[in-house]
1. With respect to residue 290, determine if the residue is at pLDDT below 80 and part of a strand (DSSP E or B).
2. Which members of segment 50-62 meet the condition of being modelled with pLDDT under 70 and either in a helix (DSSP H, G or I) or touching a helix residue (DSSP H, G or I) at 6+ places or on another chain (Cβ under 7 Å) (or both)?
3. In segment 63-93, which residues are at pLDDT below 80, more than 30 Å from residue 34 (Cα to Cα) and either surrounded by 10 or more Cβ atoms within 10 Å (Cβ to Cβ) or touching a helix residue (DSSP H, G or I) at 6+ places or on another chain (Cβ under 9 Å) (or both)?
4. Of the numbered conditions (1) surrounded by 14 or more Cβ atoms within 10 Å (Cβ to Cβ); (2) at pLDDT 80 or above, residue 251 fails exactly one; give the number of that condition.
5. When segment 202-232 is examined, which residues are found to be outside any helix (DSSP H, G or I), modelled with pLDDT of 85 or more and more than 26 Å from the chain's Cα centre (by Cα)?
6. In this structure, does residue 153 turn out to be assigned by TED's automatic domain parsing to the domain that holds residue 219, crowded, with 20+ Cβ neighbours inside 10 Å and under 25 Å from residue 208 (Cβ atoms)?
7. Does any residue of segment 114-122 turn out to be at pLDDT 75 or above and not assigned by TED's automatic domain parsing to the domain that holds residue 147?
8. Exactly one condition in (1) exposed (fewer than 14 other Cβ atoms within 10 Å of the Cβ); (2) in contact with a helix residue (DSSP H, G or I) (Cβ under 6 Å, 6 or more places away or on another chain) is false for residue 197; which is it?
């Protein structure tokens, strides 16, 4: 299409210059005659032409028919083949990805990755997935999940997913080697970003940590621990499952970030928790670490992350006022 439009513009310029020379007319008159000639609608001679001068418009007509016919054909083919629609869809997808902030990037949309995406979306968080398999890419997009179809280990795919604006990267493919390379690439692209990785074998745990993973989860080990916990401590295991279940109506466990201007700063966890809101502060995250609380006289600092347990409405009200 670009070549066809370029050829048409070139012929127009040649026609204007040519008519100005052979007919000695003004540029505007020459443009009028050129457009009429190229469009094959005909024209009135604005100045008498000799025999040599008539050859020029004939050559221009022949060239115009070929050029305009070619341009029209490729334009129709472009529209009919769906390339224009595909480009519009791709452009909208790129704009949607560019608008995301504080989202999660999930590498791999298999059984584990798909489950992670579902849980994050149920929690109301924005998610982008990176997947190599075209069928899985199509399936993820059919579910409304923003998807980058490509190799998650490539810097280009991570950049397209908005790693510079993301909250964390979760690496969850079924290939340990691919997971290691993805962690290395993510860590090189965003050194400070949390990278949580899946280990499919116990041998890969140390490799993922050496690659720069912030946290490594071995699915087999975690599954074994959960199964044993349900046998050895069934009530504890049930309680933890209920607290982590987003559908739980009775009690929930959430992280609450304390704002710099929060009224909770310099007050103890016991004062702002049970006494005011009916929630219990069980742990506190501070300076990137985790500090378990053994007493209720621990004073809260700005930017602390409090782990709270309580009825969902109470926890919600507590969180709203924590950043006020």
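1. Spelling it out, residue 290 is indeed at pLDDT below 80 and part of a strand (DSSP E or B).
2. Here is the first cut: in segment 50-62, the residues modelled with pLDDT under 70 are 50-53.
Correct list: 51, 52, 53.
3. 81, 82, 83, 84, 85, 86, 87, 88, 89, 90
4. Among (1) surrounded by 14 or more Cβ atoms within 10 Å (Cβ to Cβ); (2) at pLDDT 80 or above, the lone unmet condition for residue 251 is (2).
5. 218
6. Answer is yes for this residue.
7. no
8. Only one criterion is unmet by residue 197, namely (1).
The values are calculated or read from the model by the stated rules, or taken from the named source; none is laboratory data. Treat the numbers as computed from the prediction; the structure is a model and nothing was measured. Note that each Cβ is placed from the backbone with ideal geometry, even for glycine, and that neighbours are counted across all protein chains shown.
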